[in-house]
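*Asks:* Right, I'll just put the structure down here and ask away after.
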Amino acid sequence: MAFIYYGQGVSSLYGDFVERLMSQLALRGTEITHQNIGDASSRMDVRHTGEEGHMEITVDRENVRVSYTVDRERKEVKKGIAGAIAGAGLGGLLGGIVRGDRDVSDVIGGALGGAAAGGAYGAYDGYESSREDRTAFAEVLAQAVKDVEDELQSIIEGQEEAREALRERGRQKREEDAARTEELRELLEELYGDLLAVQEEVEIAAAEGQDVKKSRTRTDRAETLYQEAEVALNDGNHAIVKAKAKAARAMVDGARELLDAAE
């Protein structure tokens, strides 16, 4: 007889499932031998309060499948045979003996063969009582699987919450970076407008015969700083953008002051 249970949605933690299930069973008095533990399939023999069987733990899509197969016991076969003879072969047995036309061994052999062929072993009280004993471990296994499933589901939920928290922090950082980028872009646009205005003033002053060498040096440097700030903005280096823009602003203001002083 086989019993099958599923650990729902925990195949991603298969190795942990196997270890925890074995620990749970050991705590419940189960002897585990002949272990063959794999990455997606494991097999072992188990013994619990006289009940013996084989257990297989495999990955089944998102679930973990636990299959427990019970070993048959000799006492069942004996009881089953006795029941088969008493229930199915007794009439033939007595009839053959009374008539004297069949050997006793032939009659018993026929009764046993018929019982085996018809699956009679499982139809008598000997099997039924033993089956009740065997399901005791199946109940233990069912509870252990459920306990492990609950533990791993809690872990998975915690992991998902942690991942969601990271995703949320990531979204917040992207939003903050986008807002900061837009703020700096507006700063550079304003700077560039002022730079163009001063450059025009420098050219006009030069056309009027003024000495604009120092003013032009400052506007040229301001333009270089502006271009470097734009590159930093495209690279997402906000600190460099702010520093370059501040320096460029100082050059623009200095150029304008020189022009004002020359008038």
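The values are calculated or read from the model by the stated rules, or taken from the named source; none is laboratory data. Computed from a prediction, not measured in an experiment: that's the story for all the values here. Here the Cβ is made from the backbone with ideal geometry for all residues, glycine too, and neighbour counts use every protein chain on show. Heads up: the accessible areas ignore ligands, DNA and RNA and are worked out on the full protein's heavy atoms, side chains in. Shrake-Rupley method; radii C 1.70, N 1.55, O 1.52, S 1.80 Å.
*Asks:* Suppose we filter Asp260, Asp194, Asp211 for residues that are open to solvent by less than 80 Å² (accessible area, probe 1.4 Å), out of contact with any Phe, Trp or Tyr (no Cβ under 8 Å at 6 or more places or on another chain), more than 20 Å from Asp177 (Cβ to Cβ) and among the acidic types (Asp, Glu); which single one remains?
*Replies:* Asp194
*Asks:* OK, next. When you scan the stretch 38-74, how many residues do you find that are under 21 Å from Ile156 (Cβ atoms) and not hydroxyl-bearing (Ser, Thr, Tyr)?
*Replies:* Residues flagged as under 21 Å from Ile156 (Cβ atoms) and not hydroxyl-bearing (Ser, Thr, Tyr) within the stretch 38-74 amount to 11.
*Asks:* Here are Glu182, Glu175, Glu160: which of them is open to solvent by less than 80 Å² (accessible area, probe 1.4 Å) and at pLDDT 50 or above?
*Replies:* Residue meeting the stated conditions: Glu160.
*Asks:* Sticking with this one: On the given criteria, is Arg221 modelled with pLDDT under 95 and either of a type in the set (Lys, Arg) or within 30 Å of Ala262 (Cα to Cα) (or both)?
*Replies:* Against the criterion (modelled with pLDDT under 95 and either of a type in the set (Lys, Arg) or within 30 Å of Ala262 (Cα to Cα) (or both)), Arg221 does not qualify.
*Asks:* Can you pull out the residues in the stretch 1-11 that are in contact with an Asp or Glu (Cβ under 8 Å, 6 or more places away or on another chain) and touching a residue at least 60 places away in the same chain (Cβ under 8 Å)?
*Replies:* Tyr6, Gly7, Gln8, Gly9, Val10 - these are the residues of the stretch 1-11 that are in contact with an Asp or Glu (Cβ under 8 Å, 6 or more places away or on another chain) and touching a residue at least 60 places away in the same chain (Cβ under 8 Å).
*Asks:* Shifting gears a bit: Could you check how many residues of the stretch 19-48 are outside any strand (DSSP E or B) and out of contact with any Asp or Glu (no Cβ under 8 Å at 6 or more places or on another chain)?
*Replies:* The qualifying residues number 13.
*Asks:* With respect to Gly29, determine if the residue is over 30 Å from Gln159 (Cα atoms) and at pLDDT 50 or above.
*Replies:* Spelling it out, Gly29 is indeed over 30 Å from Gln159 (Cα atoms) and at pLDDT 50 or above.
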